[in-house]
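Asks: Pasting a structure here, questions to come.
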Amino acid sequence: MGDRSHFPLIETTRGNMVESIHYGSVAIAYYGEKNVISIGDSKHPFFLRSSAKPFQALAFLERGGGNQFDFSPQEIAILCASHSGTDSHVDVLSHLQRKIGITEDMLQCGVHPPFHDKTAQRMLINNEPLRPNRHCCSGKHTGMLAFAKMIGAPFETYLEHTHPVQKYILNTFSEMCEIPVDRIHLGVDGCSAPVFAIPLANAAAAYVKLCQPDNLPLERANACNTITSAMSAHPEMVAGPDRFDTDVMKIANGKIITKIGSEGYQGIGVMPGASKFFKGSIGITSKISDGDLSLRAGSIVSLAVLKKLEVFSDQELTGLKEYYTRPIKNWRGIDIGEIRPTTEFLQALDNISL
């Protein structure tokens, strides 16, 4: 990514010196506005990874899938999730699969240890086998299988690009992002499902529509509202304990939805009226160029933008201090530096005309 115009967003210090810098890009789109605010590179395509999950669920829900299988808001939230694999997540998924009439072994997401440390440690001690329902993407795969059952499509090939389910998803995503299907770059995600790469600006605009679908067809608008209300009402299903998406949505109390993607991607939708400066919805997408594998930079970028837009009060931001500017400690617990927004990033935010 060295030839792309990424921007210095987050820095770490040691003593009084900057030791490392995370480069990346941010796009901010507003309801009713064609222009997108860009910090860095908002035009080059990046894979949304799991930040695309609300739009993947949208294709199913707008065709009546939620009503056909009588999905609860909690179950809809887990369709959009990168969950932590706790027992609560597994219980919801197991109930959902029984309701649909499918079985866990039909999921083609593979297996990995739960993200939730206590659950993973317990399973290791007790020699509990890894299961597809512990996989962070098992909600998305359950939704895809429900979609296949609803339209009478094959189960065995539900992840192939040519499968009817994947065609519906891609077309819906294309329309939400206002980018032709043949300009969407396709890849294969870690869970083996198709994944999409588009410019940050288009993805931010899609989050605007998701949070304020006023000009969309009725079925799609209703499905968008169903998704945002479910994610807001059940943030514990979208991620899990001590995770950014869950903790932020809990404090936001309906003001935003947020969905992390692997390799440093983040998608955020701000609901209408949640920002002091805008009556309409806002879409925010960001990409950390180095992939942010330690998850230390992306949350700071997101909260810096939300702070600029005055979505959160100072008191609410205090409740999210673990995810914002914070000290770096050594193995003895001594503060030796800080991770924080760069001066350049803060200046770029200050220069945004609100």
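Asks: Restricting to segment 334-354, name every residue that is at pLDDT 95 or above and of a type in the set (Gly, Ala, Ser).
Replies: Scanning segment 334-354 gives 337, 348.
Asks: For segment 44-65, how many residues meet the condition of being assigned to a loop (DSSP other than H, G, I, E, B) and either modelled with pLDDT of 95 or more or of a type in the set (Val, Ile, Thr) (or both)?
Replies: Number of matching residues: 4.
Asks: A further question on this structure: Residues of segment 191-200 being over 8 Å from residue 47 (Cα atoms) and either in contact with a Gly (Cβ under 8 Å, 6 or more places away or on another chain) or among the basic types (Lys, Arg) (or both), which ones?
Replies: Matches in segment 191-200: 191, 192, 194.
Asks: Might you let me know whether segment 12-32 holds any residue that is out of contact with any helix residue (DSSP H, G or I) (no Cβ under 6 Å at 6 or more places or on another chain), surrounded by 16 or more Cβ atoms within 10 Å (Cβ to Cβ) and of a type in the set (Lys, Arg)?
Replies: No, segment 12-32 has no match at all.
Asks: Which residue, of 309, 317, 349, is within 23 Å of the chain's Cα centre (by Cα), without any contact (Cβ under 8 Å) to a residue 24 or more places away in the chain and farther than 17 Å from residue 19 by Cα?
Replies: On the way: 309 fails: without any contact (Cβ under 8 Å) to a residue 24 or more places away in the chain; 349 fails: without any contact (Cβ under 8 Å) to a residue 24 or more places away in the chain.
One residue alone meets the criteria, 317.
Yes/no per residue for (1) more than 18 Å from the chain's Cα centre (by Cα); (2) at pLDDT below 95; (3) more than 30 Å from residue 295 (Cα to Cα); (4) part of a helix (DSSP H, G or I):
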residue	(1), (2), (3), (4)
111	yes, no, no, no
121	yes, no, no, yes
142	no, no, no, yes
148	yes, no, yes, yes
157	yes, no, yes, no
176	no, no, no, yes
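Asks: Go through 219, 178 for me and flag whichever is at positive phi and of a type outside the set (Gly, Ala, Ser). First the steps, then the outcome.
Replies: Working: 219 fails: at positive phi.
178 is the lone residue from the list that is at positive phi and of a type outside the set (Gly, Ala, Ser).
Asks: Can you name the condition, by its number, that residue 241 falls short on among (1) open to solvent by 30 Å² or more (accessible area, probe 1.4 Å); (2) in contact with a Pro (Cβ under 8 Å, 6 or more places away or on another chain)?
Replies: Condition (2) is where residue 241 drops out.
Asks: Does residue 18 satisfy the condition of being modelled with pLDDT of 95 or more, more than 19 Å from residue 185 (Cα to Cα) and aliphatic (A, V, I, L, M)?
Replies: Considered against the rule, which asks whether it is modelled with pLDDT of 95 or more, more than 19 Å from residue 185 (Cα to Cα) and aliphatic (A, V, I, L, M), residue 18 comes out as yes.
Asks: Does any residue in segment 187-204 that is within 15 Å of residue 165 (Cα to Cα) come within less than 7 Å, Cβ to Cβ, of a residue that is outside any strand (DSSP E or B) and polar (S, T, N, Q) six or more places away or on a different chain, and which pairs are these?
Replies: Within 7 Å, the pairs are 192/108; 194/166.
Asks: Let me ask you something else. Restricting the search to segment 136-176, which residues are acidic (Asp, Glu) and either open to solvent by less than 20 Å² (accessible area, probe 1.4 Å) or farther than 17 Å from residue 55 by Cα (or both)?
Replies: The initial filter retains those residues of segment 136-176 that are acidic (Asp, Glu), namely 156, 160, 175.
Those that are acidic (Asp, Glu) and either open to solvent by less than 20 Å² (accessible area, probe 1.4 Å) or farther than 17 Å from residue 55 by Cα (or both): 156, 160.
Asks: Another question, then. Please work out which residue is nearest to residue 256 (Cα to Cα), limiting yourself to segment 188-207 and to residues that are open to solvent by 10 Å² or more (accessible area, probe 1.4 Å) and assigned to a helix (DSSP H, G or I).
Replies: Going through the qualifying residues, I end up with 205.
Asks: Could you pull out the residue among 54, 73 that is over 20 Å from residue 165 (Cα atoms) and touching a residue at least 12 places away in the same chain (Cβ under 8 Å)? Step through it out loud before you land on a result.
Replies: Numbers: 54 fails: over 20 Å from residue 165 (Cα atoms).
That would be 73, the only listed residue that is over 20 Å from residue 165 (Cα atoms) and touching a residue at least 12 places away in the same chain (Cβ under 8 Å).
Asks: If you scan segment 213-227, which residues turn out to be part of a helix (DSSP H, G or I) and either surrounded by 24 or more Cβ atoms within 10 Å (Cβ to Cβ) or of a type in the set (A, V, I, L, M, F, W, C) (or both)?
Replies: Across segment 213-227, the qualifying residues are 218, 221, 223, 224, 227.
Asks: Here is a further query. Take the residues of segment 333-346 that are closer than 18 Å to residue 27 by Cβ and open to solvent by 60 Å² or more (accessible area, probe 1.4 Å): which is nearest to the chain's Cα centre (by Cα)?
Replies: Looking at the filtered set, the residue picked out is 346.
Asks: Go through the residues of segment 306-314 one by one and say whether even a single one is surrounded by fewer than 20 Cβ atoms within 10 Å (Cβ to Cβ) and under 24 Å from residue 116 (Cα atoms).
Replies: No.
Asks: If you scan segment 45-77, which residues turn out to be buried (at least 22 other Cβ atoms within 10 Å of the Cβ), touching a Phe, Trp or Tyr at 6+ places or on another chain (Cβ under 9 Å), closer than 27 Å to residue 291 by Cβ and not aliphatic (A, V, I, L, M)?
Replies: 46, 49, 50, 51, 54, 55, 56
Asks: Check every one of the strands (runs of 3 or more DSSP E) wholly within segment 228-334 and list those with 3 or more residues that are in contact with a Leu (Cβ under 9 Å, 6 or more places away or on another chain).
Replies: 256-261, 265-270, 282-288
The values are calculated or read from the model by the stated rules, or taken from the named source; none is laboratory data. None of these values were measured; they are calculated from a predicted model. Please note: Cβ atoms are built from the backbone with ideal geometry, for glycine as well, and neighbour counts cover all protein chains shown. In case anyone asks, the SASA skips ligands and DNA or RNA and just uses the protein heavy atoms, side chains included. Shrake-Rupley method; radii C 1.70, N 1.55, O 1.52, S 1.80 Å.
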